[in-house]
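Structure record follows, encoded as structure tokens.
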Amino acid sequence: MNRKMLAVALSAACVSPLALADATIYGTLNTSLESVKATGAANSANDVKSTSRVSSNTSKIGFKGNENLGNGLKAIWQVEQEVSIDDGGTRKGTWAGRNSFVGLDGSFGQVMLGNYDSAYKMVKYLVPLEDGVADFTGKDGIINRGSNRLKNSLQYRSPNFSGFSLGASYGTDESRVTLANTERTNAQIWALAAQYSANGLTVGGAFERRDDTGAVAGGSKTTNNQDFWKAVARYKFADTELGLGYEYENLDRVTGADQKQGAWMAAVTQRFGNFGLGLAYASLGKRKGAGSGAVKDEDYKATQWALSGTYDLSKRTQAYAFYTRIDNKNAAKINFDSNGISGIAAGSNPTGFGVGLSHKF
């Protein structure tokens with residue numbers, strides 16, 4: 001019996017490399033040693049004192065592949081998962097929690113079904129140091145708050161037409177809520193994006209609509225829809241890149257005033273051989289319609305700036321250092337979009353600095 005089991009194991013070991021011949025393993029391991037705090041709250045008892053920590057900054061591992069179906073058509077697939085290399089995985093999600101799909105790739109572009117980034121994220125702001133507390137973009141950050149990863153979604157990405165590219169997304173609502181009046185909501189999400197790149201210039205715009213947000217089963221509908229628009233311009237010449245961006249949100253409420261809020265950003269990066277420097281500033285404007293009583297629309301403003309330096313140890317490995325600060329007005333609670341500080345109070349000012357190492361494979 002033991003000989004039979006050994007023979008089966010050896011056979012499997014020989015077959016496995018062939019079975020995985022069309023699969024690629026890839027990923028990023030990105031960890032930083034940092035010090036963070038959030039002080040300046042209206043009530044100093046709610047301040048978060050300086051804390052040292054090790055953070056895993058969107059470290060991930062993925063598997064992807066394709067099969068040639070003939071006539072220029074391919075089957076494509078990907079399974080991607082965030083990994084927590086700082087604490088053994090106690091804070092991360094389930095398997096295939098990041099971009100994972102199966103689809104087709106041809107002269108028409110790509111069509112994908114699965115859990116994948118909204119087309120809204122296809123148009124990217126210039127961020128000198130991504131995936132960490134110095135990254136000011138994302139759903140919980142200063143700007144790009146319309147970004148989303150759509151579960152149970154249908155995605156389309158066009159080919160490149162002389163520098164032009166298009167994207168579209170539709171995310172279904174598989175757990176529709178029934179309200180007290182027996183009305184059934186539909187929290188579907190759809191997005192469109194367009195981009196043009198040529199001679200170092202990239203310009204693009206995107207739109208995303210979220211229907212029936214905030215509905216609670218057995219209650220009443222609070223929001224008709226939430227819309228986000230954004231526009232981005234980037235220009236790279238020699239070893240310098242400049243970026244500008246704008247985002248606008250409109251929350252269409254069933255009761256109470258609609259809420260509207262805009263944000264903008266500016267960034268620059270400069271390369272000196274293996275060294276890189278980056279400076280970014282982002283500002284979130286007043287939230288029109290959100291004020292009540294002593295709290296004004298202006299009290300929801302916030303800003304963030306970040307300074308970073310990088311050194312490429314190789315094509316795959318990069319060391320970096322950074323400093324960043326968020327300034328929240330009295331009613332604002334903007335946190336770091338990645339690895340936010342737990343328990344910050346309105347009006348506090350999250351601050352962080354540190355050093356890190358990133359390796360891509």
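Using the alpha-carbon atoms, what tilt in degrees (0 to 90, nearest 10) does helix 2-19 show relative to the longest principal axis of the chain? On a 0 to 90 degree scale, this one is about 70.
The mean accessible area for residues of the chain, using a 1.4 Å probe and ignoring ligands and nucleic acids, is 52 Å² per residue.
The charge dipole of the range 91-247, taken about its Cα centre with unit charges on the Cβ atoms of Lys, Arg (+1), Asp and Glu (-1) only, comes to about 200 debye. Element breakdown for the range 309-361 at a 1.4 angstrom probe: carbon and sulfur atoms account for 53% of the accessible area. Among GLY97, SER292, THR222, whose Cα lies farthest out toward the positive end of the dipole of the chain, if unit charges sit on the beta carbon of Lys, Arg (+1) and Asp, Glu (-1)? Final value for the positive-end residue is GLY97.
When the trypsin sites (Lys or Arg not before Pro) in the range 116-184 are filtered for DSSP coil states and for at most 15 other beta-carbon atoms within 10 Å of their beta-carbon, the remaining sites are LYS139, ARG176. Sparse packing (at most 10 other Cβ atoms within 10 Å of the Cβ) combined with a DSSP loop state is found for the following trypsin sites (Lys or Arg not before Pro) in the range 256-361: LYS315. Out of ILE326, ILE25, ILE143, any idea which swings most in a Gaussian network model of the chain, alpha carbons joined below 10 Å? Of the options given, ILE25 has the highest mean-square fluctuation. For the range 149-183 versus the range 271-299, the inter-centroid distance based on Cα atoms is 28 Å.
Only helices enter the 222 nm calculation for the chain: every DSSP H run of n ≥ 4 contributes -39,500 (n - 2.57), and dividing by all residues gives -1500 deg cm²/dmol, rounded to 500.
Remark: for residue pairs LYS139/LYS296; LYS60/LYS315; LYS37/LYS230; LYS64/LYS236; LYS230/LYS315, the C-alpha separation exceeds 27 Å in LYS37/LYS230; LYS64/LYS236; LYS230/LYS315.
Hey, with R₀ at 25 Å, roughly what FRET efficiency would ASP312 and SER197 work out to, going by the Cβ-Cβ distance, to 0.05? About 0.60, to the nearest 0.05. Within the listed set ASN199, ASN148, ASN349, the residue fluctuating most in the Gaussian network model of the chain (springs between alpha-carbon atoms under 10 angstrom) is ASN199.
Can you pull out the chymotrypsin sites (Phe, Trp or Tyr not before Pro) in the range 90-179 whose DSSP state is coil and whose Cβ has at most 10 other Cβ atoms within 10 Å?
TRP95
The values are calculated or read from the model by the stated rules, or taken from the named source; none is laboratory data. Predicted model only: the values in this text are computed from it and were never measured. Please note: Cβ atoms are built from the backbone with ideal geometry, for glycine as well, and neighbour counts cover all protein chains shown. Heads up: the accessible areas ignore ligands, DNA and RNA and are worked out on the full protein's heavy atoms, side chains in. Shrake-Rupley method; radii C 1.70, N 1.55, O 1.52, S 1.80 Å.
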